[in-house]
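Q: The structure that follows is given in the form of structure tokens.
The values are calculated or read from the model by the stated rules, or taken from the named source; none is laboratory data. It should be emphasised that the depicted structure is a prediction, and the values quoted were computed from it without experimental measurement. Every residue, glycine as well, gets a Cβ built from its backbone with ideal geometry; the counts of neighbours run over all protein chains shown. Areas reflect the complete protein model, heavy atoms only, side chains present, ligands, DNA and RNA absent. Shrake-Rupley method; radii C 1.70, N 1.55, O 1.52, S 1.80 Å.
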Amino acid sequence: MTQDNPEKQSQLINVLREGVSVVQMILFKELRKQLATHHPDREPTFIAMLTGTLVNEIFASPNMEERFVSFRNENRAIIEQELLSVKEHQTTLLPALTDTLRILSLCDNQEGLDSTHILTQANKLGILIVDRPVPMPSTFMTLVRGLGEQHGLIIAPVQITPEEDSTIH
């Protein structure tokens, strides 16, 4: 990302961060399905808390609200076990997850934050595809739009004809 126009750069970072959020939502949906299958004896509330905790751990953004801190502390073993199983159970999402974590790190870097620990942790968990090239912002957003549409989170824009455009006021 260039330093030429700080306002455009800020807008780009905001758009990229929205893309990161979309991938986080997709990961949440997929993990929740996986965890409900792995833990059929658990309440939906537990599954939701566990899913949220896993996503927060992967993105190094733990929820510091007391009930979430307590949940993390009480369920540390299962959280670590499930984190280690992401690489096996979410293989189709690994490329998008790799790109998302790299884009997040780039955005943080542009804002003066060091989040390389997120990439280091993802590598240790086996969810970072190391030899995958870092995506360009446009490539990342194309990936996000496609995934978002596939998972029912984004409705792709539809091309309209000039005639249709002139009737919309």
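Q: Do the sum for the chain: with -39,500 (n - 2.57) for every DSSP H run of n ≥ 4, divided by all residues, what is the mean residue ellipticity at 222 nm, to the nearest 500 deg cm²/dmol?
A: Details: 8 runs with 118 residues, N = 169.
Theoretical 222 nm ellipticity from helices: -23000 deg cm²/dmol.
Q: If you wrap a convex hull around the C-alpha atoms of region 35-119 and split its volume per residue, what is the figure in Å³?
A: Convex hull of Cα atoms, per residue: 103 Å³.
Q: Another question about this same structure. Would you work out which of Ala48, Asn75, Ile26 lies farthest towards the positive end of the dipole of the chain? Charges go on Cβ: Lys and Arg +1, Asp and Glu -1.
A: After comparing all options, I get Asn75.
Q: Now for a different question. Out of Asp99, Asp108, Asp41, any idea which swings most in a Gaussian network model of the chain, alpha carbons joined below 10 Å?
A: Of Asp99, Asp108, Asp41, the most mobile in the Gaussian network model is Asp41.
Q: Using the reciprocal of the averaged 1/r over all distinct C-alpha pairs, how large is the Kirkwood radius of the chain in Å?
A: Working: mean 1/r = 0.0568 Å⁻¹.
It is 17.6 Å.
Q: Give me the distance in nm between label points sitting 7 Å out from Cα along the Cα-to-Cβ direction at Val130 and Val15, one decimal.
A: Output for this residue pair reads 3.3 nm.
Q: Right, something else. Scan the chain and note any complete DSSP helix (H) whose C-alpha atoms cover at least 18 Å along its axis and whose Kyte-Doolittle average is -0.5 or more. Kindly include the intermediate steps, with their values, before the conclusion.
A: On the way: long enough: 6-38 (47 Å, -0.15); 44-58 (21 Å, 1.08); 76-89 (19 Å, -0.27); 94-110 (24 Å, 0.32); 137-150 (20 Å, 0.03).
Result, helices passing both filters: 6-38, 44-58, 76-89, 94-110, 137-150.
Q: I would also like to ask the following. With the other protein chains left in place, how much accessible area per residue, in square angstrom, belongs to the chain at a 1.4 angstrom probe?
A: Numbers: 10140 Å² over 169 residues.
Computed with neighbouring chains in place, this is 60 Å² per residue.
Q: Pick out, in residue order, every one of the GluC sites (Glu not before Pro) in region 61-133 that is DSSP loop and has at most 12 other C-beta atoms within 10 Å; say none if there are none. Show your work: numbers first, answer last.
A: Values: sites: Glu65, Glu66, Glu74, Glu80, Glu82, Glu88, Glu111; in loops: Glu65, Glu111.
Here the sparse-neighbourhood loop sites are Glu65, Glu111.
Q: A further question on this structure: Rounded to the nearest Å, what's the spacing between the alpha carbon centres of region 84-114 and region 32-56? Just the number, please.
A: If we compute the Cα centre of each part, the gap is 21 Å.
Q: Spin-label point model (7 Å from Cα, Cβ direction): what's the His117 to His89 distance in nm?
A: 2.6 nm
Q: Using modelled amide H (1.01 Å from N, peptide plane; none on Pro or chain starts), what sits under 5 Å from the amide H of Leu128, excluding residues fewer than 5 places away?
A: Answer set, sorted by chain and number: Asn123.
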